[in-house]
Amino acid sequence: MTDSANKMWGGRFAAGPDAIMEAINASIGFDQRLARQDIEGSRAHAAMLAAQGIITDSDAQAIREGLLTVLSEIDGGTFAFSTALEDIHMNVEARLKELIGEPAGRLHTARSRNDQVATDFRLWVRDQCDAAQTAIAALQRALIGQADQGADWVMPGFTHLQTAQPVTWGHHMMAYVEMLGRDASRFADARARMNECPLGAAALAGTSFPIDRAATAKALGFDRPAANSLDAVSDRDFALEYLAAASICAMHLSRLAEELVIWSSAQFRFVRMSDRFSTGSSIMPQKKNPDAAELVRAKIGRILGATVGLFTVMKGLPLTYSKDMQEDKEQVFDAADALMLALAASEGMMKDLSANPDVLRAAASSGFSTATDLADWLVREAGLPFRDAHHVTGRLVAMAEAEGKDLPDLTLAQMRTAHDAITEGVFDVLGVDNSVRSRTSYGGTAPDNVRSQIARWKQRLT
């Protein structure tokens, strides 16, 4: 153990920990990702200390310039990270001391590593909320492009993965736009709630120095300082909220990916995946595997696992800080990487995706998909109660199935054997195009509705 590491803890310890303790205690292997946020927070803190007369302007200037040098070294890949110095905070501070000498020791006045890491991590997660919203909007635009192209393409709508009723391709694409809109709002809500600054809470009780917490909060883009010092250093709700929003978003991406896997299969042929997001087989030359979609589908496991992991870390901790909380970052970093990659891959797949309108239409016309239209017609035109209309329609479906036909292929005479109130007008509702055009209720699949929703979302994303 180095002398510098012993000095980090002051005179309390005569000897440093052995190699095992050093390994379990160090976090620099992953928290170096907080370098930019750590330096940003330190610069704001130094400026506040000088403004309050706690340190001199010359010391503050040396600290600011030294921190910029450290950041340039980190960005340039020349900074030597040390596990003996445990974390990003002590690595930065040690290098700052090498650069500027004694003034570096004054930077830590009126703060602790507890409020420092809480601030750094909050800044990093806040950035991830912004990045997620940007990536979600890009995916939404790709989906809207698909919807715009096929606003009136007819396809089967499914329940239980069985053909249910005809819908439009555009309507199906816009369903995911709506889901992702909720995802973006969850990240925005989480960001607004987390935008309070822990800096100045110090170790847990605040500080006796005359600091200006409102100034550091403003300098770092926070709405306000955190109101309770105990809560400020021990809160990781912001990371949990981010992970919860990421898990729901990843679940939506997984559902979309699952559909792409199914739709691109030889049995469905609804879509063609681009070569850029597909792979081949080492022994089967005919294969074109939707690997990107499958990997997106799997990302929810890592992200949800991180969510459960952090909940488990936090659930039994008394106030305030415990070393357990060092386990908060690595899984959040991994989840954020997984989410951003899944969003980017989903955007790429949807931008490159080619639908097969003829196959979609043929599939929409199968499986008696207009049976509900027939039942609705019997209610509307023949005055039957819906349950009676449902029964009559079921008899006609059985008749058509026995003859290997679809409902529109039955003759009027055959239909009248099920109910004598059926007239020639029933054929006006049985085609899949007639079916989707009739679904004009708000939120329905009618092409005009779809185009209206596309226009609304284009405006919203502008």
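The values are calculated or read from the model by the stated rules, or taken from the named source; none is laboratory data. These numbers were taken from a predicted model, which means no experiment stands behind them. For neighbour counting, all protein chains shown are included, and Cβ atoms are generated from backbone atoms with ideal geometry for every residue, glycine included. The area values use the complete protein model at the heavy-atom level, side chains included, leaving out ligands, DNA and RNA. Shrake-Rupley method; radii C 1.70, N 1.55, O 1.52, S 1.80 Å.
Here are the numbers for this structure:
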quantity: Debye log10 I(q)/I(0) for segment 398-459, one point scatterer per Cα, at q = 0.15, 0.16, 0.21, 0.25 Å⁻¹; calculated: -0.60, -0.65, -0.84, -1.00
quantity: Equivalent-ellipsoid semi-axes of segment 127-214, from the Cα gyration tensor, Å, largest first; calculated: 47, 14, 7
quantity: Globularity index of segment 113-362, i.e. its alpha-carbon radius of gyration over 2.2 N^0.38 Å; calculated: 1.24
quantity: Options L396, T417, L374, ranked by Cα towards positive dipole end of segment 365-461, top entry (Cβ charges); calculated: L374
quantity: Dipole in debye (nearest 20) - segment 113-362, about Cα centre, beta carbon charges: Lys, Arg +1; Asp, Glu -1; calculated: 320
quantity: Length added when fully stretched, R460-M399, from 0.36 nm per residue minus Cα-Cα; calculated: 17.1 nm
quantity: Cut-off under 5 Å, modelled amide H: who pairs with A164 long-range; calculated: G157, F158, T159
quantity: Estimated FRET transfer efficiency when R0 is 56 angstrom, pair Q267-T109 (beta carbons, to 0.05); calculated: 0.25
quantity: Efficiency of FRET from Cβ geometry, A227 and L68, R₀ 35 Å, rounded to 0.05; calculated: 0.65
quantity: Ratio of Rg to Rh over the chain (Cα coordinates, Kirkwood Rh, two decimals); calculated: 1.16
quantity: Cβ-based charge dipole, segment 251-344, positive-most Cα from F311, A336, A293; calculated: A293
quantity: Two-site label geometry, Q32 and D189: point separation in nm, points 7 Å out along Cα→Cβ; calculated: 3.8
quantity: In Hz, Karplus ³J(HN,Hα) per residue of segment 332-338 (6.51, -1.76, 1.60; θ = phi - 60°; x = Gly, Pro); calculated: 5, 4, 5, 5, 5, 4, 5
quantity: Gain in span if fully extended, Y442 to A164, counting 0.36 nm per residue against the direct Cα distance; calculated: 98.1 nm
quantity: Charge dipole (the chain, unit charges on Cβ, about Cα centre) - positive-most of A205, H89, G101; calculated: A205
quantity: Potential lengthening between E98 and S274 on full extension [0.36 nm per residue; Cα-Cα distance subtracted]; calculated: 58.0 nm
quantity: Label point 7 Å beyond Cα of I24 along Cβ direction - residues of segment 70-89 with amide nitrogen under 16 Å; calculated: none
quantity: Zone residues, segment 198-222, relative to A51, backbone N less than 19 Å from point 7 Å out along Cα-to-Cβ; calculated: 198-202, 207-222
quantity: Cβ charges +1 (Lys, Arg) and -1 (Asp, Glu), total dipole of the chain, debye; calculated: 340
quantity: Mean residue ellipticity (222 nm) of the chain, computed from DSSP H runs ≥ 4 via -39,500 (n - 2.57), nearest 500; calculated: -20000 deg cm²/dmol
quantity: Solvent-accessible area per residue for the chain (1.4 angstrom probe, square angstrom); calculated: 46
quantity: DSSP loop chymotrypsin sites (Phe, Trp or Tyr not before Pro) with at most 11 other Cβ within 10 Å: longest gap in the chain; calculated: 10-441
quantity: Residue-wise HN-Hα coupling along segment 57-69, computed from phi with Karplus coefficients 6.51, -1.76, 1.60 (Hz; x: Gly, Pro); calculated: 4, 5, 5, 4, 5, 5, 5, 4, 5, x, 5, 5, 5
